[in-house]
Amino acid sequence: MQLSLYVWHDYTLVQKTDSMKRILTLLALSTTLLFSGCDSLKNIASNILNERDAITAIKEMLTIGSNSNALISKDALMNAILPSEVNNVLSKLQQLGLSKDIDKFTNTLTNAATQTATNSIPVFADGIKQMSIADAIGIVKNGGTAATDYLRTKIGDSLRRAVTPIMKTALDQYNITQQWDKLVAPAKLVLGNKVQLNLNIDNLLAGVVTSAMFSKIAEQETAIRTKAEARTTPALQRVFGRDWNNNGAVK
């Protein structure tokens with residue numbers, strides 16, 4: 001009887017040991033599957049573009065572009081403030097020996113426009129922050145300058161209106177109207193009203209400045225989409241460092 005008890009006791013120990021081994025094996029297998037599943041989920045998640053990431057990256061990209069110095073063409077400025085006969089006017093003024101004065105005036109005008117662009121950066125940044133980009137994923141996938149085009153369409157007019165008073169302040173600071181009147185005084189007898197500046201020049205020049213800034217933003221967007229070194233934040237690297245039209249393949 002005592003021997004039977006020992007045998008039963010040993011048998012029970014063996015059973016418990018086997019059960020423990022099975023439990024430990026199951027735990028190890030479950031843990032492996034769990035971590036493997038997590039890795040798989042991470043891989044799947046990394047290949048999915050979500051709207052939140054897209055919006056963050058788009059706004060960062062547009063903000064970087066708006067902080068870049070916009071190059072403003074002197075020709076664009078002169079065409080905006082002068083009537084359509086601008087070439088004839090400038091030609092006549094040059095014939096009167098006013099080439100240096102014209103250059104001085106256009107340089108001053110360019111300085112005023114550049115200052116306006118610099119002072120308008122917060123206006124652009126604020127407009128970008130307030131954007132509600134419902135179709136952010138589409139903008140990312142569309143490529144090109146889709147984000148800049150969206151910005152221009154949605155808030156371009158309001159930005160131009162906001163920039164106009166900034167432009168007026170710069171024009172007044174540089175005495176643009178007075179400088180022009182002094183410059184064209186010798187030509188008035190020959191050209192009459194053709195040398196008059198277009199009315200509402202602050203609004204016209206604000207349009208030139210706004211257009212130049214959008215061009216700079218578009219240039220920056222193209223760089224971020226195509227050049228790895230231009231993606232200077234984690235959001236830009238995640239969103240624009242992959243080809244979302246090709247299952248999120250790394251560029």
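The values are calculated or read from the model by the stated rules, or taken from the named source; none is laboratory data. Computed from a predicted structure; not experimentally measured. Quick reminder, even Gly has a Cβ in these numbers, built from the backbone with ideal geometry, and neighbours come from all protein chains shown.
Any residue at all in region 164-176 that's among the basic types (Lys, Arg) and either free of Cβ contacts under 8 Å to residues at least 60 places away in the same chain or in contact with a Cys (Cβ under 8 Å, 6 or more places away or on another chain) (or both)? Yes.
Residues satisfying the criterion are present in region 97-117 (criterion: under 30 Å from residue 54 (Cβ atoms), assigned by TED's automatic domain parsing to the domain that holds residue 166 and under 34 Å from the mean Cα position of the chain (by Cα)). Every test in (1) touching an Asp or Glu at 6+ places or on another chain (Cβ under 8 Å); (2) modelled with pLDDT of 90 or more is passed by residue 55 save one, and that test is (1). In region 74-125, what residues are of a type in the set (Asp, Glu) and either surrounded by fewer than 13 Cβ atoms within 10 Å (Cβ to Cβ) or on the phi > 0 side of the Ramachandran plot (or both)? The answer is 75, 103. Only one entry in 222, 226, 232 is surrounded by fewer than 18 Cβ atoms within 10 Å (Cβ to Cβ) and within 12 Å of the chain's Cα centre (by Cα), namely 222. Within this structure, residue 160 fails the test of being charged (D, E, K, R) and modelled with pLDDT of 95 or more. Within region 150-181, being surrounded by fewer than 17 Cβ atoms within 10 Å (Cβ to Cβ), within 24 Å of the chain's Cα centre (by Cα) and of a type in the set (D, E, K, R) holds for 154, 157, 161. Are any of the residues in region 141-158 within 22 Å of residue 108 (Cβ to Cβ) and either touching a helix residue (DSSP H, G or I) at 6+ places or on another chain (Cβ under 6 Å) or of a type in the set (Gly, Ala, Ser) (or both)? So far as region 141-158 goes, no, none of its residues is within 22 Å of residue 108 (Cβ to Cβ) and either touching a helix residue (DSSP H, G or I) at 6+ places or on another chain (Cβ under 6 Å) or of a type in the set (Gly, Ala, Ser) (or both).
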